[in-house]
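One structure is given here, and the rest of the page talks about it.
A short reminder: the numbers here are calculations on the coordinates, not readings from a lab. It should be emphasised that the depicted structure is a prediction, and the values quoted were computed from it without experimental measurement. Positions of Cβ are backbone-derived with ideal geometry, glycine not excepted, and every protein chain shown enters the neighbour counts.
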Amino acid sequence: RKEVEQDPGPFNVPEGATVAFNCTYSNSASQSFFWYRQDCRKEPKLLMSVYSSGNEDGRFTAQLNRASQYISLLIRDSKLSDSATYLCVVNMMGDMRFGAGTRLTVKP
Amino acid sequence: GAGVSQSPSNKVTEKGKDVELRCDPISGHTALYWYRQSLGQGLEFLIYFQGNSAPDKSGLPSDRFSAERTGGSVSTLTIQRTQQEDSAVYLCASSLETTDYGYTFGSGTRLTVV
């Protein structure tokens, strides 16, 4: 089993749609969690951290379920500029592990 | 510096040659990571440095790969006797001692072995 698993997609959605990505992780001792965004031929950039209580940043909401060992990212009112690959990242004692990413394309 | 700096940004080398890739982390960041990403693929962990501790080399794919970090700052990733399958983008990232806030990537070195 992979340490961090994501649905690779691609997700193709119209502008304004709501889209959700899930990610599961295998190590129950994992300590912190993140979503990164990677544009084509660019480096990954931190989108948001994921907290146990859930957290929101504008149109983006992240949730963590430790019992089930999954993380989610919800994007509301999708914009064309949201088109990218979204990477789930799990940290255990400084050892960061990346999922393979979920590709999102938002179409007009 | 303001961000993680990597050089060169692009490198084309002949099969069998050695290459050195450089990473200059954000000032004050004690943790430094190397990843590689092949075209259309996810990130593959290579090596992790944390302060003065022994590096975690568990991700290095073969003994042709090595990395060092001098003075707890700049790191060099060396690939000896390059092969075509080494072609990828090599990404460096750095973070504070705790990665509770994630870490910052450099823009990468695109290595092409011909």
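So here's what we get for this one:
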{"item": "Global form of chain A, assessed from the alpha-carbon gyration tensor, a/c cut-off 1.5", "result": "prolate"}
{"item": "Candidates B:TYR103, B:TYR33, B:TYR48, ranked by Gaussian network fluctuation over chain B, Cα under 10 Å, top entry", "result": "B:TYR103"}
{"item": "Segments B:55-68, A:31-44 sorted - mean Cβ within 10 Å per residue, highest first", "result": "A:31-44, B:55-68"}
{"item": "Isolated Cys in the protein assembly as shown, by beta carbon distance under 4.7 Å", "result": "A:CYS40"}
{"item": "Partner chain coverage, peptide B:38-46 - average Cβ within 10 angstrom", "result": "4"}
{"item": "10 Å Cβ neighbours from other chains, averaged over peptide B:52-59", "result": "1"}
{"item": "Distance from the range A:1-39 to the range B:3-54 (C-alpha centre basis), Å", "result": "24"}
{"item": "Residue pairs, from the table B:LYS15/B:LYS57; A:LYS2/A:LYS45; A:LYS42/B:LYS17; A:LYS2/A:LYS42; A:LYS79/B:LYS11; A:LYS42/B:LYS15, whose Cα atoms sit over 32 Å apart", "result": "A:LYS79/B:LYS11"}
